[in-house]
Amino acid sequence: MTRAYVDDVSAERLASLQEQNLELSRLAAELRNEAALRTQFLSNISHDLRTPLTAIITHGEILRDGILGELTARQKDSVGGIIGGGRQLLDMIGEILTYARGAAHQLTLTRTSFSIVSAVEQVCALSESLIAKKQLSLAVTIEPELPPLYADRDKIAHILGNLLGNAIDFTLPGGRVWINCSRGASTERGYVMLVEVGDTGIGIAPEHHELVFREFAQVDASASRQHHGTGLGLAIARRFVELHDGRLWVESTLGQGSRFFFTIPVRSAP
Ligand SMILES: Nc1ncnc2c1ncn2[C@@H]1O[C@H](COP(=O)(O)OP(=O)(O)O)[C@@H](O)[C@H]1O
Ligand SMILES: [Mg+2]
């Protein structure tokens, strides 16, 4: 082989590699663009769906409260159904919007100093009627003298709400659900707050322990399932926990119940 021949071949290979590189970067840019468009679409559509839905709920409430004239008990029931369905839909749209913001890296933390007790109480109060309706018992245990958290209160409440909502949804009537907060492991910068949300519900098989945290993933995706959700609750909860540099995981035995744990590093307010 002559030297000139070898040079020719390498130049040719180089040119072909450069061309392939160019093509790959073009494809990557296209994919990024498509993902951004999809996120933007989700965000726009969720936003636009909320306005008419809020109007439906508000008008339902006006009717229910008898502002335009008293309703019969059956009419009230019916309007109550419209309001309830509307609220459920509004929650789901809210989750899609939160997910879209997360996917677009538009989530930021607004930290304040607050007691975990107040966040737990708020979330429990919101779930009170659901818990009563399903005849579940709820136990809250909070280790005494836990210091305040310096974290995003709304996001911590959101995480608790999603976990407690699942515990309630996936536990049969007569079962137990609980929330425990305690001082967790020490780290080089202090220690973490450990929160557990547990239930005696249907449980999750080991092969699904990671899957449930994936966006849109539901263990039973069949149309006959009782539970209505977006499959985003745990993905969002994990994202919120990780924004705080914490961890969220599950321990569960099929048929016996589930225990979801998350940690939030305790920091003092600046
Ligand atoms: N406490 C629980 N017990 C049993 N299964 C659960 C529990 N929490 C979550 N799961 C499973 O994980 C899936 C994903 O949960 P999530 O992300 O909150 O979405 P969604 O509640 O909208 O279905 C649920 O559909 C269910 O299959
Ligand atoms: Mg859920």
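The values are calculated or read from the model by the stated rules, or taken from the named source; none is laboratory data. Note that the structure is a prediction, hence the values are computed from the model and not measured. Glycine also receives a Cβ, built like all others from the backbone with ideal geometry; neighbour counts cover every protein chain displayed. The protein model used for the area step is the full one, side chains on, heavy atoms only, and it has no ligands, DNA or RNA in it. Shrake-Rupley method; radii C 1.70, N 1.55, O 1.52, S 1.80 Å.
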Result of the Cβ filter at 6 Å on the range 40-51, keeping first residues that are among the hydroxyl-bearing types (Ser, Thr, Tyr) and partners that are open to solvent by less than 80 Å² (accessible area, probe 1.4 Å), at least 6 apart or interchain, is SER43/ALA100; SER46/ILE93; SER46/ILE96; SER46/LEU97
All-but-one check, LEU49 against (1) open to solvent by 70 Å² or more (accessible area, probe 1.4 Å); (2) over 15 Å from LEU89 (Cα atoms), failing number (2)
Of the candidates GLU121, GLU95, GLU70, GLU145, the one satisfying the condition of being in a helix (DSSP H, G or I), open to solvent by 70 Å² or more (accessible area, probe 1.4 Å) and of a type outside the set (Phe, Trp, Tyr) is GLU121
Counted residues in the range 208-257 being surrounded by 14 or more Cβ atoms within 10 Å (Cβ to Cβ) and either among the small types (Gly, Ala, Ser) or part of a helix (DSSP H, G or I) (or both) come to 19
Filtering the range 137-171 down to residues that are at pLDDT 95 or above and either more than 26 Å from THR98 (Cβ to Cβ) or among the basic types (Lys, Arg) (or both) yields SER137, ALA139, THR141, ILE142, GLU143, ARG153, LYS155
Only unsatisfied item for SER182, checking (1) among the hydroxyl-bearing types (Ser, Thr, Tyr); (2) under 14 Å from GLU143 (Cα atoms); (3) within 15 Å of ligand 1 (Cβ to nearest atom), is (3)
Within the range 223-270, the residues that are in contact (Cβ under 8 Å) with a residue 24 or more places away in the chain, in contact with a strand residue (DSSP E or B) (Cβ under 6 Å, 6 or more places away or on another chain) and basic (Lys, Arg) are ARG238, ARG259, ARG267
For the range 204-222, pairs from a residue that is among the β-branched types (Val, Ile, Thr) and within 12 Å of ligand 2 (Cβ to nearest atom) to a residue that is at pLDDT 90 or above and open to solvent by 50 Å² or more (accessible area, probe 1.4 Å), with Cβ under 7 Å and 6 or more apart or across chains, are VAL212/VAL219; VAL219/HIS208
Filter the range 185-207 for residues that are crowded, with 19+ Cβ neighbours inside 10 Å and outside any loop (DSSP other than H, G, I, E, B); the one that is nearest to ligand 1 (Cβ to nearest atom) is ASP199
